[in-house]
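As structure tokens, the structure follows; a few thoughts come after it.
The values are calculated or read from the model by the stated rules, or taken from the named source; none is laboratory data. Every value quoted in this text rests on a predicted model; they were computed, and no experiment measured them. Because the Cβ atoms are built from the backbone with ideal geometry, glycine has one as well, and the counts that use them run over all protein chains shown. Accessible surface is based on the protein model in full, side chains and every heavy atom, while ligands, DNA and RNA are left aside. Shrake-Rupley method; radii C 1.70, N 1.55, O 1.52, S 1.80 Å.
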Amino acid sequence: MATLSDVQLTAPGCQGFQSVTVPAENAGAWYPEDRIAILVRDVPATLIPCAAGELTFKAQGREGKSAYPLVTFKQNGRVIQTVQTGEEFTPVRVPVGATPLSVTVTNAYGVTLADRNLNLEHLGFVPRRP
């Protein structure tokens, strides 16, 4: 898990984001009042900047088997910054364009061990008779 606190965008003519989305599949959350993003799984969060500018935040990770997660920022399909998280909050600055920003957390130990989906075929119901 990675926590990004004090998330801010400073841009000429505007401040902030048009929208921030952390999908339910990520198991994380976005708290706009506190400007905190929690990222848990590798499903990307999306930040849409109001304009090109500078993204600033403090990053912290939760350790798993002596490793902390990486947070990767992409714009237009290209990696623009990768941040190594750690035990303490570390200040980060990322220059960003005006296009949507994809933010993904990667944890080397967050591995799917097995497919736990339940697939049913030919499901039927038989009425009970008194």
At 7 Å along the Cα-to-beta-carbon direction for both H122 and S66, put a label point, then send me their distance in nm to one decimal. 5.2 nm
Measuring from the lowest to the highest alpha carbon on each principal axis, how far does the stretch 29-130 reach, largest first, in angstroms? 70, 36, 29
Accessible area per residue for the stretch 25-126 in Å², computed with a 1.4 Å probe and the full protein assembly in place, what is it? 68 Å²
Max mean-square fluctuation residue, GNM over the chain, Cα-Cα springs under 10 Å, options P69, P100, P32: P32
Amide H of I80: which non-local residues (sequence gap of 5 or more, or other chain) have their own amide H closer than 5 Å, using H built in the peptide plane? F73, K74, Q75
Excluding the sites themselves, what is the longest stretch of the chain that contains no chymotrypsin sites (Phe, Trp or Tyr not before Pro) in a DSSP loop with at most 10 other C-beta atoms within 10 Å? 1-108
For the stretch 26-130 the GluC sites (Glu not before Pro) that pass both the DSSP coil test and the at-most-14 other-Cβ-within-10 Å test are E33, E63, E87, E88, E121
Extended-chain gain in nm, criterion 0.36 nm per residue less alpha-carbon gap, A24 and T10: 2.3 nm
For the stretch 53-59, Karplus-derived ³J(HN,Hα) couplings (6.51, -1.76, 1.60; θ = phi - 60°; whole Hz; x for glycine and proline) come out as x, 10, 8, 10, 6, 10, 10
Please report, as a whole percent, how much of the solvent-accessible surface of the chain comes from carbon and sulfur atoms (probe radius 1.4 Å). 51 percent
With Cα springs under 10 Å, the Gaussian network model of the chain assigns the largest mean-square fluctuation among R78, R93, R35 to R78
